[in-house]
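Visitor: Mind looking over this structure? Questions follow.
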Amino acid sequence: MSLRTAPSPVARVVADPGRRIRSRRRLRAADLMVALCWSSVAMAVALYLAYGGLAQVTDLGSGLTAAGIVTGLIGTDLILVMLVLAARLPVIDRIVGQDTAMAFHRRLGKPALYLILGHGLLLTVGYALADGSNLVTETIALFQGPDMALAYLGLGLLVTVVVSSVVAVRRRFPYEVWHAIHLLSYAAVLVALPHQLSAGAVLAEGTLQRVYWIALYVLAFGSIAVFRFLVPIVRSARHDIRVDAVEPIAPGAVSLHLTGHQLDRLQTQGGQYAIWRFWTGATWWHAHPISFSAVPTDRSARITVRSLGRGSDALGRVRPGTRVSIEGPYGIFTDEHRSTSKISVAAAGIGITPVRSMLEHAALRPGEATVLLRATDATQSYLWNEIGALPSMRGNPIFSMMGARPRGLATWMSAEALSRGVTITSVFPDLLQSDLYVCGPQSWADLVIRDARAAGLPHSQIHVERFDW
């Protein structure tokens, strides 16, 4: 590990009360968002009870039917919450970031599916007991009810989405495959809506329940229509982004220089990313979440990409003049979200890209930042020369750690650094008084975070953003 620049002697920097206050406000807002999610579930059940849901329970069959209705209401509510979380609402991104929102979205997937399956099973058993029939006969009878064929179709699509998503995550499918799978979830929810409004009297016309559920559907699908489709289309047309040049920076890595109109009005903060689509015959069908590697100006922007597969490899061959669509910018891997006056930064491989733009945008004084750049060999030292040239890094130390990790050990450090007794606190002596920014391969970043947490760094002072949808 080598010292690239040395800091000027400075007095110890104390915590910034203003940053602490803003951080606490964001945490309270995040707690409020979670509370709103669960409150929507409670409201769905409360409205059912308020309209005499339990009054219909007189025996085992009616009890199972009531339980089936409740599980259906909760499951549907959670699915609509999932859609809102996936709609990329700016307020959600500013508070918790899209990666956190999508992590919560994924955690709700299986419980929602189990509740919907339980809804169908409990209702079928409950109705069969009430009618004195068997499950097969009752299922056939239900299928012939108003809009029930659509309800079963929706259930089938929902099962397909959840199962396919699990397979996609385990096999690391490309983003476009993940996106195509999730388009089915919209269809699954929409085709099930008619049976909610026509079957039974739970959502009868003129009731507050019906108004509540219609409002939830409008919120979920309205958010998706606006922020997943309308806003990106308008933004891409307004800024007319095109490829200006493709610059190879290392074997298998290129910087794409982009040009457009009033790109500074994107209000991109250093460290953020966008979802990019390049309109060529080889790339139009897939989009890529890629960080800005420099803060956009009025007429220019830059992203830097490493070839990790056929999709990203094709980006290195796009021609100047290619039209580019943008969704975003997104992310809270920014200087604005730190809670202390000091920062510790660990970047590995192509993870340097958001770090580079974040440091460019950060308001740093001498002695406030410590940066560690990690690579297996010199071919992975992407943009390292630019970090030391940033005005914000004057008087702030930049370390480099190069070399392979030792085999058989779960560590983020090189074998050479470990042999010299290097630890996370020796690299970052002010770690506990800093916000830690980590970006690199997921398994590597997880090990950095593990050591930071073991050293006593609170989770609220750790910033990491993942694109593994």
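The values are calculated or read from the model by the stated rules, or taken from the named source; none is laboratory data. Quantities reported herein were computed from a predicted structural model and do not represent experimental measurements. Cβ placement follows ideal geometry from the backbone for every residue including glycine, while neighbour counts extend to all protein chains displayed. Ligands, DNA and RNA are excluded from the accessible area calculation, which covers all protein heavy atoms including side chains. Shrake-Rupley method; radii C 1.70, N 1.55, O 1.52, S 1.80 Å.
Visitor: Return the pairs, sorted by first residue and then second, in which the second residue is open to solvent by less than 60 Å² (accessible area, probe 1.4 Å) and in a loop (DSSP other than H, G, I, E, B), the first residue lies in segment 276-289 and is within 18 Å of S255 (Cα to Cα), the beta carbons are less than 6 Å apart, and the residues are 6+ apart or on different chains.
Guide: R277/A287; F278/V318; F278/T322; T280/V318; T280/T322
Visitor: Could you check segment 429-466 and list, in sequence order, the residues that are within 18 Å of the chain's Cα centre (by Cα), crowded, with 18+ Cβ neighbours inside 10 Å and of a type outside the set (A, V, I, L, M)?
Guide: Selection gives Y437, C439, G440, H463, E465.
Visitor: Another question about this same structure. Taking helices (runs of 4 or more DSSP H) that do not extend beyond segment 84-160, which have at least 1 residues that are over 22 Å from T71 (Cβ atoms) and more than 34 Å from the chain's Cα centre (by Cα)? So that I can check it myself, show each step before the final result.
Guide: Numbers: elements: 90-95, 98-131, 135-143.
The qualifying helices (runs of 4 or more DSSP H) are 135-143.
Visitor: Does L216 satisfy the condition of being under 26 Å from G109 (Cβ atoms), modelled with pLDDT of 90 or more and either in a helix (DSSP H, G or I) or out of contact with any Leu (no Cβ under 7 Å at 6 or more places or on another chain) (or both)? Talk me through it step by step, then tell me what you get.
Guide: Numbers: under 26 Å from G109 (Cβ atoms): yes; modelled with pLDDT of 90 or more: yes; either in a helix (DSSP H, G or I) or out of contact with any Leu (no Cβ under 7 Å at 6 or more places or on another chain) (or both): yes.
In short, yes.
Visitor: Residues of segment 416-425 being farther than 12 Å from S344 by Cα and part of a helix (DSSP H, G or I), which ones? First the steps, then the outcome.
Guide: Our first condition is that a residue be farther than 12 Å from S344 by Cα; within segment 416-425, this holds for 416-423.
Within segment 416-425, E416, A417, L418, S419 meet the criteria.
Visitor: Since D264 meets every condition but one in (1) surrounded by 17 or more Cβ atoms within 10 Å (Cβ to Cβ); (2) of a type outside the set (V, I, T); (3) within 25 Å of the chain's Cα centre (by Cα), which condition does it not meet?
Guide: Among (1) surrounded by 17 or more Cβ atoms within 10 Å (Cβ to Cβ); (2) of a type outside the set (V, I, T); (3) within 25 Å of the chain's Cα centre (by Cα), the lone unmet condition for D264 is (1).
Visitor: I'd like to check something: does segment 403-415 contain any residue that is in contact with a helix residue (DSSP H, G or I) (Cβ under 9 Å, 6 or more places away or on another chain) and outside any loop (DSSP other than H, G, I, E, B)? Working first, answer last.
Guide: Pass one, segment 403-415, residues in contact with a helix residue (DSSP H, G or I) (Cβ under 9 Å, 6 or more places away or on another chain): 403-407, 409-413.
Then drop every residue that is not outside any loop (DSSP other than H, G, I, E, B), which leaves none.
Scanning segment 403-415 turns up no residue that is in contact with a helix residue (DSSP H, G or I) (Cβ under 9 Å, 6 or more places away or on another chain) and outside any loop (DSSP other than H, G, I, E, B).
Visitor: Only one of these is on the phi > 0 side of the Ramachandran plot, in contact with an Asp or Glu (Cβ under 9 Å, 6 or more places away or on another chain) and open to solvent by 10 Å² or more (accessible area, probe 1.4 Å): G408, G403, G331, G421. Name it.
Guide: Numbers: G408 fails: in contact with an Asp or Glu (Cβ under 9 Å, 6 or more places away or on another chain); G331 fails: open to solvent by 10 Å² or more (accessible area, probe 1.4 Å); G421 fails: in contact with an Asp or Glu (Cβ under 9 Å, 6 or more places away or on another chain).
Of the residues listed, the single one that is on the phi > 0 side of the Ramachandran plot, in contact with an Asp or Glu (Cβ under 9 Å, 6 or more places away or on another chain) and open to solvent by 10 Å² or more (accessible area, probe 1.4 Å) is G403.
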